[in-house]
Structure formats: C-alpha cells, structure tokens
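Laboratory data are not the source of any read-out in this text; all were calculated from the coordinates shown. Here the structure is a predicted model, which is why all the values come from computation and not from measurement. All Cβ positions, glycine included, derive from the backbone under ideal geometry; neighbour counts span all protein chains shown.
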Amino acid sequence: MKITIIGYSSSGKSTLAAKLGNIYNCPVLYLDRVHFKENWIERDDETAKAMVKEFMDHNDNWVIDGNYTNLLREQRLKEADMIIFMCFSRLDCLRQAINRYKTYKGKTRESMADNCSEKLDIEFIKWILLDGRSKEKKEQYAETIRKYNQKIVILRNKKETASFLEKITHRK
C-alpha cells in the first residue's frame, strides 16, 4: 500500500502517518524531515527531491506525510494507492497546534529534523489561519480532489479520522 497524506498545517498528518505506517507495516517519510536539516535550516531542493525519489524507488509500500509541492508532489500523488486529505477547520488546526506546542515545547517531534524544537509563533499561527488556506492552496487541493477522486479520502475532523482508522484496521 502506498499512501500520501496532504492537508492543512496541524491537522494531524504526521500522527496519522505514524499510525498508518504501523497498521500497514511500512516505512513513513515525513517531508518536514526532508525539507529541514538540523536547527530549522532548509535543505536545497535538488537534495530533498533526491531523498524523496530514493525513498519511493526503494520501498514497495510507503506512507508519505506532507504537502511540499516542490518535492515530487505529482509523482507522489500518481504513485499513491490512497491519497488522504486532512481538511480540518482553522479552529481545529489551531487548537491542535496549541496542544502540540504544550506537549513538545523545547523538544523535537519524531516527524521533524534534529534540533527543530517545537515552536508556535505569530507567523505559524498566521499560516494556520490564513496563508496556508490561500485561494491558490484551496484551488490546488480542489484540483487534486478532481484529478484523483477515485483514490482520495477526505477527513474533516478527529472523529472521521478515528472512524477511518477503525475501518482500515478491521479491513486489513
């Protein structure tokens, strides 16, 4: 099974990716770990693309978490057996970002590069509430839904996510 998870910041993509990796017993690639090197330093695009390509080429099954249109997005979507769009509300995403910050303040999550301590600043809050939901971003998601409607799953909240996980666990 090849799964790619896209969606709004702080919607739970990384958490879902880890759970799906366990359910399907396959490796998970967190694109935040690819995009960032240690201490929030951005990796150059060519190196990052090569890392994603190598991961996809060397694994028969995988889960890839993240948006990053510059990191072989179209190839990830085409090759995926399932595309999950985490379409949570602004308020739910902000609430989850705050809770995540409380849990990981001063620590680095598994889905992040080394020494990328959890942060919640005004720029990230603005991204969650406004910039990450720009007209362009919404159009990109709408196009993905149209183009890949046969293999897309849209999850709008924690309840739908839990129900989805329960279904695939029993189906497996």
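When the chain is fully extended, how far beyond the present Cα-Cα distance does Arg171 get from Asp131, taking 0.36 nm per residue of separation?
Extra length available between Arg171 and Asp131 comes to 10.7 nm.
A cut-off of 5 Å between modelled amide H atoms, ignoring neighbours fewer than 5 places along the same chain, links Ile64 with Ile3, Thr4, Ile5, Leu29. The Kirkwood hydrodynamic radius of the stretch 2-171, based on inverse pair distances between different Cα atoms, is 16.5 Å.
The alpha-carbon of Lys158 sits under 16 angstrom from the alpha-carbons of these lysines, leaving out residues fewer than 8 places away in its chain: Lys13, Lys19, Lys167. Annotation: lysines with alpha-carbon distance below 16 angstrom to Lys147 (same-chain offsets under eight excluded): Lys78, Lys137, Lys138.
Cβ under 12 Å from Lys158's Cβ, Lys158 left aside: what net charge do those residues give with Lys, Arg +1 and Asp, Glu -1? That sum, taken over residues with Cβ under 12 Å, equals +1. Let me test this: with uniform point scatterers at the alpha carbons of the stretch 35-118, what is the Debye-based log₁₀ I(q)/I(0) at q = 0.17, 0.27 1/Å? Here the Debye-derived log intensity ratios amount to -0.91, -1.24.
About its Cα centre, the dipole of the chain is roughly 860 debye, where the only charges are +1 on Lys and Arg Cβ and -1 on Asp and Glu Cβ.
Check the straight Cα-Cα distances from Lys37 and name the lysines below 17 Å, setting aside those fewer than 8 residues away within the same chain. Partners found: Lys49, Lys107, Lys119.
Here the stretch 72-172 is described by how far its Cα atoms reach on the three principal axes: 40, 36, 27 Å, from widest to narrowest.
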